[in-house]
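A.B. asks: Here's a structure for you.
Nothing in this text is a laboratory measurement; each read-out follows from the coordinates by a stated rule. Just so we're clear, the structure is a prediction, and the values are computed from it rather than from any experiment. Neighbour counts are summed over all protein chains in view; Cβ atoms, including those assigned to glycine, are modelled from backbone coordinates with ideal geometry.
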Amino acid sequence: MAENGRIEMLPRVVGIARHRLVTDGEGVSTLVVLHGCPLRCRYCLNPHTLAEPERWRRWRCEDLYEEVKKDELYFLATGGGVTFGGGEPALHPGFIEHFRACCGKEWLLTLETSLQAPLESVARLEAVVDRFIVDIKDMNPEIYRRYTGGDNAIVAENLHFLLERGRGKDVLVRLPLIPGYNTEDDRRESRWQLEAMGFEHFDLFTYKTETR
Ligand code: SF4
C-alpha cells in the first residue's frame with residue numbers, strides 16, 4: 001500500500017531526449033518530458049502530455065538519475081544538465097527536489113514552464129533549479145484566457161516571486177506571436193510590462209498553427 005502510494009507520487013515521464021544543444025538551456029542537455037498540464041493551449045506543442053499517453057513510465061528519481069547520468073561528461077564539459085519540461089513540470093516539485101539531491105550541485109537544472117502552478121511549488125523549485133524558461137503566452141489576461149483556458153494571475157504572482165528572490169537574471173521569457181490570438185502590438189505590450197517588472201532575457205518566436 002505504501003509502495004503504491006509512493007509510486008502514485010512519481011510523475012509520468014513521456015519522453016527523454018538526449019544531446020540537445022542550447023535549445024533547452026545552456027550547454028548540452030537532456031530533456032525529461034513530464035505528463036500533465038492544467039492549460040489547454042490551442043496550438044499545444046506537446047499534446048501527448050495532455051491526453052492519455054500511449055507510452056509513458058513512472059521513474060524513481062534514482063533510476064532516472066542513473067539513466068541520464070550517461071551524458072554527465074557532456075553536461076560537465078559544456079555547463080549543461082537536465083531540463084524538465086512537459087506538460088507542466090512545476091507541478092512536481094517533490095520529484096525535482098529529489099532529483100537535485102541525487103545529481104548534486106554541478107548539473108545545470110532548467111525548468112521549462114508556463115508557471116501555471118501554486119506559489120508554494122514554485123518556491124520549492126526556486127531553491128533547486130538554476131534556470132527557468134517561461135512560456136508566458138501573453139500578459140493580457142483576456143488573450144491568455146482565450147488561448148489557454150486559464151487565468152494568468154497565478155503566473156504574474158510567480159513571476160513577482162522569482163524577482164523578489166533575485167532570480168530575474170535566471171529567467172528566459174518566451175514571448176510567442178500566436179496567430180489568431182495576439183498581435184505584434186500585444187506582444188510588444190507584454191514585453192514592456194515584463195521589462196518594467198525587471199526581466200531582461202526574451203525569446204521571441206511564432207507558434208506554428210499546423211502543429212495542431
Ligand atoms: S502549457 Fe504547454 S503543454 Fe500545457 S497546454 Fe500549453 S503548450 Fe501544451
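A.B. asks: Under a plain spin-label model, where a point goes 7 Å from the Cα along Cα-to-Cβ, how far apart in nm are K69 and R18?
C.D. replies: The modelled label-to-label distance comes out at 1.5 nm.
A.B. asks: A follow-up question, please. Below 8 Å, C-alpha to C-alpha, sequence gap of six or more: please give me the relative contact order for the chain in percent. Mind showing how you got there, number by number?
C.D. replies: Working: 386 pairs, mean separation 39.5, N = 212.
Once normalised by length, the contact order is 19 percent.
A.B. asks: Now a separate question. Within the chain, how many lysine pairs that are 8 or more places apart, or on different chains, have C-alpha atoms less than 28 Å apart?
C.D. replies: Lysine pairs, 8 or more places apart or on different chains, close enough: 6.
A.B. asks: Right, here's the next one. Which of G36, T78, F205 sits closest to the plus end of the dipole of the chain, meaning its Cα is farthest towards the positive end, when Lys and Arg get +1 and Asp and Glu get -1 on the C-beta?
C.D. replies: G36
A.B. asks: Could you tell me which residue out of C61, S114, N46 lies farthest along the dipole of the chain toward its positive end? Charges go on the beta carbon: Lys and Arg +1, Asp and Glu -1, centred on the Cα centre.
C.D. replies: Sorting the options by dipole projection puts first N46.
A.B. asks: Can you give the FRET efficiency for T183 and A51, using 1/(1 + (r/R0)^6), R0 = 30 Å, r = Cβ-Cβ distance, to the nearest 0.05?
C.D. replies: Efficiency, from the Cβ-Cβ distance: 0.50.
A.B. asks: Could you check which residue among E184, E112, E54 shows the biggest mean-square fluctuation in a GNM of the chain with a 10 Å Cα cutoff?
C.D. replies: Of E184, E112, E54, the most mobile in the Gaussian network model is E54.
A.B. asks: Oh, and also: Considering only DSSP beta bridges where both residues belong to the chain, give the percentage that are antiparallel (nearest 5). Provide the component values of the computation, followed by the final result.
C.D. replies: Details: 8 of 31 bridges.
Here the share of antiparallel DSSP bridges comes out near 25 percent.
A.B. asks: Under unit Cβ charges (Lys, Arg +1; Asp, Glu -1), what dipole magnitude, rounded to 20 debye, does the chain have relative to its Cα centre?
C.D. replies: Approximately 380 debye in magnitude.
A.B. asks: Between R124 and T209, what is the spin-label point distance in nm, taking each point 7 Å from the Cα along the Cα→C-beta axis?
C.D. replies: Each label point is offset 7 Å from its Cα along the Cβ direction, giving 4.0 nm.
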